[in-house]
Amino acid sequence: MNKIDQTEALIQVSRPSRYLGGELGSICKLDAGIEIRMALAFPDVYEVGMSHIGFPILYNILNSLDWVAAERVYSPWADMEQWLRENQQSLCSLESSLPLGEFDIVGLTLQYELSYTNLLTMLDLSGIPLRREQRDKNAPLIVVGGPCAFNPEPLADFIDVALVGDGEEAVVELVELVRQGKQENWSRKQLLQKIADCEGFYVPELFDISYQTNGCVEKITPLQPGYDKVRRRFLNDLETAPFPTRPIIPFMQTVHNRVAMEIARGCTRGCRFCQAGYIYRPVRERSPEKLRSLIAASLQNSGYEEVSLLSLSSGDYTCIEPLLQELMAEYVEDRVSVSLPSLRVGSLTPELMEEVKKVRKTGFTLAPEAGSERLRELINKGISAEDLLESTRNAFQLGWRLIKLYFMMGLPTETDADLQALIDLSAQVKKSGKGTGGNDVNVAVSTFVPKPHTPFQWEAQIGIEETLRKQRLLRDGLRQKKLRFKYHGAESSFLEGVFARGDRRLSAVLERAVQLGCRFDGWWECFDFDKWQQAFVDCDIDPAWYLRQREEEEILPWEHIDCGVPKKFFLTERRKAFSGSETLDCRDGVCHGCDVCDFDELRMRLIDVVQKEEISPNAAAEEESPVADVENLNRVRLKLSKLGRARMVGHLEYLKMFQRAVRRAKLPIRFSQGFHPMPKISYLEALPMGVSSEAELVDLELLSYVSVERVISDINVQLPEGFRITEAEIIPWKSPSPSAAVASSCYRVPLPESVPEDLRERITNFLDAEQILVARIKKGVEKQIDIRPDVLELSQIGVELQIQLIKGSPLQVAASLLKIDVEDIRRLGVRKTGIVLKT
């Protein structure tokens, strides 16, 4: 293994905790018995990728195999990419710092089309040839999965394999085949042929695609006998499927920083625009008993303060109300909240809303999708304006102050009258909150993008000009109603539509766009449509052609990918849409013949009524929280070191990390009062980023006596690498806070290679000076700060400076003395060696 040390980069880039690794819960296997190494790569930044529920599932399944090591890697932000290129360094994994090109398999998830350029950039940064025909036997196998794998054709020239469908069982088969191939010295072609024999694996090189002169697909020719179509991989039973209960605890604040619990997979509502509703069928639910067990273990092992119950429509879960009631009762004393991120108007009973309101009342999100009754019937949304207004009226009355509405525009057959209906419905929602103390409404409208494997996969997508016209119409109308309007960029929706239904010819455009500098196309601050237009021109491809309406008899680029629902069903649903016919939810007992279920192993798995009735709230949890006995209150002061890569953890990240460590340690921590109770933990002032410390102080307020030996041992076992409690003592309850207790702090600054000859004279002049002014930029304004009064001692000891400060940063002092930039001082390895307490 060729590990690469990229510590130097952490000093120079923004948000270095993206690249630290070493988080609690991460698994690093360095032993010689590892036969297969697989990189799980997410083509977006760490904080986005760490919020994806699929990655930890596969990470834990793979690492449960003794002979497999699974590691993580995320797209580097622009500053890190620049550092890697300038220093000719490879993109590496977080766990072992192994270059991506040295893994046996690189598995990338495709959650959205605008991440495709990041995928290519990650390969390029790893020295892996982009096109599969350029890669030899020693190159990693490039495998993709996720919803976009249901049409991977725009990436077909870059990938070796696409895993179509559920990955829990398939990923084990994949690593077993790669292992066997290494043992038996298969060629790359032999390996791919073996993989193609397994259900759910699409190997692009085993299909030849030809095109007509008009640009449409002429023929999809399989090149391996019996490999005509690739059927989606199904996980039959969610109840018995593995689910991780030792989550990786990030240092930084991620998009979703909580226990994410998948309560069900699949949806049978049948919304005709929704790809997820078709590619994740049938509905499979976990039992309440299983969920409570998984949640309990996950909270204990994470220290998280929130549990999120996830599915495509959490409100449709059979036992959602009693499950929610029990979880809230069980964890009320632990200050753990429970949330439902995906709620549907049709599943919102008053009882469910009563439970949800206990968690938060900042914003209530609903998705009518279309403004007019006619369009909602066309898309098979199945809710009326009356249903929506009853839900919003109840929400406002229960205390919510803000309703967030999500709509789409550009739906098939949409007219300006439908957009006016959207405006009017939003205004009615605002009116439904009148007299309740708050009735703010945010209206978010995205552009409809037809997706493969849906009844609307044949429909046209509106272009940029029409998108902008509709957005202006909505903006003006909603403004008159005093409603806030948010929308997706017309150009980014256009690009999403091109690649959603694209074919292999787009690979040249992707490659060219990456060469031109396209990255993070889903981020508005990074998206550059001019570069994309240049890429299309350079490749002689008209992107608008991909937005056209498709003919029903046309061969679609994804025709050889079988999602489990046949094309004839989608055609029937399409025709029903335009005739105004409804398709009811099949969970109510009416089968519509989508052909997903075999009604034996593969079928809907819903919690039965008996189980539902057996759920009862935990009586013990309903008792009032105990009142703290003042005589038993206990205050413990800890001395903590922050060394190695831990010095790159920012102050706010450090506070959150330590709070969660204390929760996992199950110490009887005291909480503040009020609506958002916080643990009573006090810290010293923030260390400058990149400065290590041997002397941080932390005070804990405990509800009862705990020996200092137990405090040290119980917290240390919960701390990630680089953090360690070295001392602890019980102090008087009324003692000053750590910051107030410290008189001064001592630092050592290693001197640069070229030490100024007059350094000792500079030190003398510094100490003799009455004032030392340095420039500091605060909130964009440069100010002159006098740093001299805070310096108690300044001396040279060997090849280091010793600085003793009342307060302030040693970096500023050293930079002023040595006349070099603060960032250059930061790279030297400054450390805090001790503190002096006030007497």
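Name the helices (runs of 4 or more DSSP H) wholly inside segment 750-839 in which the number of residues that are under 39 Å from the mean Cα position of the chain (by Cα) and under 17 Å from SER693 (Cα atoms) is 2 or more. First the steps, then the outcome.
On the way: elements: 759-768, 810-818, 822-826.
By residue number, 810-818, 822-826.
Conditions (1) farther than 22 Å from ASP588 by Cα; (2) in contact with a helix residue (DSSP H, G or I) (Cβ under 9 Å, 6 or more places away or on another chain); (3) at pLDDT 90 or above; (4) assigned to a loop (DSSP other than H, G, I, E, B), marked per residue:
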| site | (1), (2), (3), (4) |
| --- | --- |
| CYS271 | no, yes, yes, yes |
| CYS274 | no, no, yes, yes |
| ALA296 | yes, yes, yes, no |
| TYR304 | yes, yes, yes, yes |
| LEU309 | yes, yes, yes, no |
| THR318 | no, yes, yes, yes |
| GLU326 | yes, yes, yes, no |
| GLU330 | yes, yes, yes, no |
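Output the qualifying pairs, or none if there are none: Cβ atoms under 6 angstrom, residues six or more apart or on different chains, first residue in segment 36-49 and touching a residue at least 60 places away in the same chain (Cβ under 8 Å) and on the phi < 0 side of the Ramachandran plot, second residue part of a strand (DSSP E or B) and of a type in the set (Asp, Glu).
Every condition considered, the pairs that remain are ALA39/GLU71.
Could you give every pair whose Cβ atoms fall below 7 Å, whose first residue belongs to segment 560-571 and is farther than 17 Å from GLY165 by Cα, and whose second residue is part of a loop (DSSP other than H, G, I, E, B) and among the charged types (D, E, K, R), counting only separations of at least 6 or pairs across chains?
The qualifying pairs are PHE569/ASP595; LEU571/GLU552.
Do we have any residue at all in segment 526-546 that's among the basic types (Lys, Arg) and surrounded by fewer than 17 Cβ atoms within 10 Å (Cβ to Cβ)?
At the first step, the residues of segment 526-546 found to be among the basic types (Lys, Arg) are 531.
Retained after the next criterion (residues that are surrounded by fewer than 17 Cβ atoms within 10 Å (Cβ to Cβ)): none.
So far as segment 526-546 goes, no, none of its residues is among the basic types (Lys, Arg) and surrounded by fewer than 17 Cβ atoms within 10 Å (Cβ to Cβ).
Can you pull out the residues in segment 218-246 that are in contact with a Pro (Cβ under 6 Å, 6 or more places away or on another chain) and not charged (D, E, K, R)? Before the answer, list the steps.
Residues of segment 218-246 in contact with a Pro (Cβ under 6 Å, 6 or more places away or on another chain): 228, 244.
Result: PRO244, single match.
Would segment 492-509 turn up any residue that is out of contact with any Lys or Arg (no Cβ under 7 Å at 6 or more places or on another chain), outside any helix (DSSP H, G or I), small (Gly, Ala, Ser) and surrounded by fewer than 17 Cβ atoms within 10 Å (Cβ to Cβ)? Write out each step before concluding.
Looking only at segment 492-509, we keep the residues that are out of contact with any Lys or Arg (no Cβ under 7 Å at 6 or more places or on another chain), and these are 492-499, 501-509.
Filter again for outside any helix (DSSP H, G or I), leaving 501-503.
Then keep just the ones that are small (Gly, Ala, Ser); that gives 502.
Now drop any that are not surrounded by fewer than 17 Cβ atoms within 10 Å (Cβ to Cβ), which leaves none.
Within segment 492-509 (the criterion being out of contact with any Lys or Arg (no Cβ under 7 Å at 6 or more places or on another chain), outside any helix (DSSP H, G or I), small (Gly, Ala, Ser) and surrounded by fewer than 17 Cβ atoms within 10 Å (Cβ to Cβ)), the answer is no, since none of the residues qualifies.
Please tell me if PHE570 is aromatic (Phe, Trp, Tyr), more than 24 Å from GLU511 (Cα to Cα) and over 30 Å from the mean Cα position of the chain (by Cα). Write out each step before concluding.
On the way: aromatic (Phe, Trp, Tyr): yes; more than 24 Å from GLU511 (Cα to Cα): yes; over 30 Å from the mean Cα position of the chain (by Cα): yes.
When the stated conditions are applied, PHE570 passes them.
Mind checking which residues of segment 686-702 are part of a loop (DSSP other than H, G, I, E, B) and buried (at least 18 other Cβ atoms within 10 Å of the Cβ)? It would help to see each step written out before you state the result.
Filtering segment 686-702 down to residues part of a loop (DSSP other than H, G, I, E, B) leaves 686-691.
Correct list: LEU687, PRO688, GLY690, VAL691.
If a residue has to be modelled with pLDDT under 85, in contact with a Lys or Arg (Cβ under 9 Å, 6 or more places away or on another chain), open to solvent by less than 30 Å² (accessible area, probe 1.4 Å) and over 16 Å from LEU398 (Cβ atoms) to count, how many in segment 332-355 make the cut?
Total satisfying the criteria: 1.
If we scan segment 246-262, do we find a residue that is under 23 Å from VAL161 (Cα atoms) and open to solvent by 50 Å² or more (accessible area, probe 1.4 Å)?
no
If I ask for residues that are surrounded by 16 or more Cβ atoms within 10 Å (Cβ to Cβ) and over 24 Å from ARG272 (Cβ atoms), which ones from segment 459-472 would you list?
Result: ILE464, single match.
Consider LEU571 against the criteria (1) in a loop (DSSP other than H, G, I, E, B); (2) open to solvent by 20 Å² or more (accessible area, probe 1.4 Å); (3) among the aliphatic types (A, V, I, L, M); (4) under 25 Å from ARG231 (Cβ atoms): it satisfies all of them except one. Which criterion is unmet?
(1)
Are any residues in segment 216-235 closer than 17 Å to ASN151 by Cβ and either in a loop (DSSP other than H, G, I, E, B) or in contact with a Lys or Arg (Cβ under 7 Å, 6 or more places away or on another chain) (or both), and if so, which ones?
Of everything in segment 216-235, those that are closer than 17 Å to ASN151 by Cβ and either in a loop (DSSP other than H, G, I, E, B) or in contact with a Lys or Arg (Cβ under 7 Å, 6 or more places away or on another chain) (or both) turn out to be CYS216, LYS229, ARG232.
Quick one: SER625 ticks every box in (1) more than 30 Å from GLN253 (Cβ to Cβ); (2) at pLDDT below 90; (3) open to solvent by 20 Å² or more (accessible area, probe 1.4 Å) bar one, so which box is it?
Going through (1) more than 30 Å from GLN253 (Cβ to Cβ); (2) at pLDDT below 90; (3) open to solvent by 20 Å² or more (accessible area, probe 1.4 Å) one by one, SER625 breaks only (1).
Would you point out which residue out of SER432, SER426 is touching a strand residue (DSSP E or B) at 6+ places or on another chain (Cβ under 7 Å) and either in contact (Cβ under 8 Å) with a residue 40 or more places away in the chain or open to solvent by less than 20 Å² (accessible area, probe 1.4 Å) (or both)? Before you say what the answer is, go through the steps one by one.
Numbers: SER432 fails: touching a strand residue (DSSP E or B) at 6+ places or on another chain (Cβ under 7 Å).
Result of the check over SER432, SER426: SER426.
Provide a single number: the residues in segment 547-568 that are open to solvent by less than 50 Å² (accessible area, probe 1.4 Å) and in a helix (DSSP H, G or I).
Number satisfying all stated conditions: 1.
Considering segment 64-98 alone, what residues qualify as being open to solvent by 20 Å² or more (accessible area, probe 1.4 Å), closer than 18 Å to VAL178 by Cβ and of a type in the set (D, E, K, R)?
Across segment 64-98, the qualifying residue is only ASP66.
Which ones in segment 162-205 are assigned to a helix (DSSP H, G or I) and open to solvent by less than 30 Å² (accessible area, probe 1.4 Å)? I'd like the intermediate steps shown before the answer.
Here is the first cut: in segment 162-205, the residues assigned to a helix (DSSP H, G or I) are 170-184, 188-196, 204-205.
Passing the criteria: ALA170, VAL171, LEU174, VAL175, LEU177, VAL178, GLY181, LEU191, LEU192, ILE195, ALA196, PRO204.
Pairs only if they're at least six apart or on different chains, beta carbon under 6 angstrom, first in segment 779-797 and on the phi < 0 side of the Ramachandran plot and without any contact (Cβ under 8 Å) to a residue 12 or more places away in the chain, second open to solvent by 80 Å² or more (accessible area, probe 1.4 Å) and basic (Lys, Arg); list them, first residue then second.
Close Cβ pairs satisfying both conditions: LYS783/ARG776.
Among the residues that make up segment 493-515, is at least one of them over 21 Å from the mean Cα position of the chain (by Cα), without any contact (Cβ under 8 Å) to a residue 40 or more places away in the chain and within 21 Å of VAL48 (Cα to Cα)?
Within segment 493-515, none of the residues are over 21 Å from the mean Cα position of the chain (by Cα), without any contact (Cβ under 8 Å) to a residue 40 or more places away in the chain and within 21 Å of VAL48 (Cα to Cα).
I'd like to check something: does segment 719-727 contain any residue that is assigned to a loop (DSSP other than H, G, I, E, B), closer than 17 Å to ILE835 by Cα and open to solvent by 30 Å² or more (accessible area, probe 1.4 Å)?
Scanning segment 719-727, I find no residue that is assigned to a loop (DSSP other than H, G, I, E, B), closer than 17 Å to ILE835 by Cα and open to solvent by 30 Å² or more (accessible area, probe 1.4 Å), so the answer is no.
Looking for something of a type in the set (A, V, I, L, M) and buried (at least 19 other Cβ atoms within 10 Å of the Cβ) - is there at least one such residue anywhere in segment 445-454?
Quick first cut of segment 445-454, residues of a type in the set (A, V, I, L, M) only: 445, 449.
Now narrow it down to the ones that are buried (at least 19 other Cβ atoms within 10 Å of the Cβ): 445, 449.
Yes, segment 445-454 contains at least one residue that is of a type in the set (A, V, I, L, M) and buried (at least 19 other Cβ atoms within 10 Å of the Cβ).
Just to check your reading of the model, which residue among TYR683, TYR705 is among the aromatic types (Phe, Trp, Tyr) and open to solvent by 40 Å² or more (accessible area, probe 1.4 Å)? Step through it out loud before you land on a result.
On the way: TYR683 fails: open to solvent by 40 Å² or more (accessible area, probe 1.4 Å).
Step by step, each of TYR683, TYR705 is checked, and only TYR705 is among the aromatic types (Phe, Trp, Tyr) and open to solvent by 40 Å² or more (accessible area, probe 1.4 Å).
Within the bounds of segment 435-442, is there any residue that is surrounded by fewer than 15 Cβ atoms within 10 Å (Cβ to Cβ) and in contact with a Leu (Cβ under 8 Å, 6 or more places away or on another chain)?
At the first step, the residues of segment 435-442 found to be surrounded by fewer than 15 Cβ atoms within 10 Å (Cβ to Cβ) are 435, 437-438.
Adding the requirement that they be in contact with a Leu (Cβ under 8 Å, 6 or more places away or on another chain) leaves 438.
Among the residues of segment 435-442, at least one is surrounded by fewer than 15 Cβ atoms within 10 Å (Cβ to Cβ) and in contact with a Leu (Cβ under 8 Å, 6 or more places away or on another chain), which makes the answer yes.
Of everything in segment 30-63 that's open to solvent by 30 Å² or more (accessible area, probe 1.4 Å) and over 14 Å from the mean Cα position of the chain (by Cα), which residue is nearest to SER96 (Cα to Cα)?
Start the filter on segment 30-63 by keeping residues that are open to solvent by 30 Å² or more (accessible area, probe 1.4 Å), which leaves 30-33, 35, 48, 50, 52-53, 56, 58, 60.
Among the residues that remain, those that are also over 14 Å from the mean Cα position of the chain (by Cα) are: 30-33, 35, 58, 60.
Working: LEU30: 7, ASP31: 11, ALA32: 13, GLY33: 15, GLU35: 15, LEU58: 18, ASN60: 16 Å.
So, considering only residues that are open to solvent by 30 Å² or more (accessible area, probe 1.4 Å) and over 14 Å from the mean Cα position of the chain (by Cα), the one nearest to SER96 (Cα to Cα) is LEU30.
Identify, by number, the condition in (1) over 19 Å from MET38 (Cβ atoms); (2) crowded, with 20+ Cβ neighbours inside 10 Å that TYR112 doesn't meet.
(2)
The values are calculated or read from the model by the stated rules, or taken from the named source; none is laboratory data. Source: prediction; values computed, not measured. FYI the Cβ positions are ideal-geometry reconstructions off the backbone, even for glycines, and counts take in every protein chain you see. For accessibility, only protein heavy atoms count, side chains too; no ligands or nucleic acids. Shrake-Rupley method; radii C 1.70, N 1.55, O 1.52, S 1.80 Å.
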